[in-house]
1. Identify all residues within the range 10-36 that are within 15 Å of the chain's Cα centre (by Cα), closer than 18 Å to F159 by Cβ and in contact (Cβ under 8 Å) with a residue 60 or more places away in the chain; write none if there are none.
2. Grab the strands (runs of 3 or more DSSP E) fully contained in the range 1-46, keeping just those with 3 or more residues being of a type in the set (A, V, I, L, M, F, W, C) and crowded, with 20+ Cβ neighbours inside 10 Å.
3. Could you check the range 37-56 and list, in sequence order, the residues that are farther than 21 Å from L108 by Cβ and either without any contact (Cβ under 8 Å) to a residue 12 or more places away in the chain or of a type in the set (D, E, K, R) (or both)?
4. Yes or no: G152 modelled with pLDDT of 95 or more, among the small types (G, A, S) and under 24 Å from I15 (Cβ atoms)?
5. Are any residues in the range 72-98 in a helix (DSSP H, G or I) and within 18 Å of R151 (Cα to Cα), and if so, which ones?
6. Take the residues in the range 99-142 that are in contact with a Ser or Thr (Cβ under 8 Å, 6 or more places away or on another chain), outside any loop (DSSP other than H, G, I, E, B) and free of Cβ contacts under 8 Å to residues at least 24 places away in the same chain; name whichever of them is nearest to A9 (Cα to Cα).
7. Output the residue which, of all residues in the range 160-188 that are touching a residue at least 24 places away in the same chain (Cβ under 8 Å) and not in a helix (DSSP H, G or I), is nearest to K94 (Cα to Cα).
8. Quick one: in the range 54-71, of everything that is surrounded by fewer than 23 Cβ atoms within 10 Å (Cβ to Cβ) and assigned to a loop (DSSP other than H, G, I, E, B), which residue is farthest from the chain's Cα centre (by Cα)?
Amino acid sequence: MKKVAVFLAEGFEEIEALTVVDVVRRAGMQCDMVSIKDEDVKGAHKVVVKSDKKLSDEIKEYDMIVFPGGLPGADNLAKDEKVLELVRYFNNEKKYIAAICASPAMVLSAAGIEENRYITAYPGEDFEAMLDKANYVEELVVVDENLITSRGPATTLLFAYKIVDVLGGDSESLKEGMLWNAVEDEKE
């Protein structure tokens, strides 16, 4: 069974974290919420979530690590040396790293793995400036080898479906069951 760790730091974006957890679990994969500090973590909008685990070396055995955005959540992740070491380890091992919203700019650049990579993030000069060594693109979800990045709260379902796909799951049946196809049909 594929194992995914979604990181929670004080001030995380709730939609981005919990949607990924929900979709990955629906796909039949193990998805743990991993706190970098306390068991209970307060999100950017004051929703308190009880994590499944605390950050440890055990996470190195996972198939993917995921970083939601939100402020100051992404900044808290980017300032944690254990988190940055784990990002570098996953990158060196060519294991999957997924980041959304502020986290591609803040976490991936703090870890120094963004250079010459195709990456998207929350729009804005500040985040684009942090990714000045990357190939910044304005797409909703971007996959560059082992990196998956996305723009923000409204793109979270697409981000979560892509995570399922790259891990070998079936996002098409999830999209149907979650009525994503109805949303797509409505746009036509």
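The values are calculated or read from the model by the stated rules, or taken from the named source; none is laboratory data. Note that the coordinates shown come from a computational prediction; the quantities given were computed from them, not determined experimentally. Cβ coordinates were reconstructed from backbone atoms using ideal geometry, including for glycine residues, and neighbour counts include every protein chain displayed.
1. Passing the criteria: F12, E13, I15, E16, T19, V20, D22, V23, V24.
2. So the answer is 3-8, 30-35.
3. D38, E39, D40, K42, K46, V48, K50, D52, K53, K54, S56, listed by residue number.
4. When the stated conditions are applied, G152 passes them.
5. G73, A74, D75, L77, A78
6. Ranking the candidates gives V141 first.
7. Among them, the one singled out is L167.
8. The selected residue is S56.
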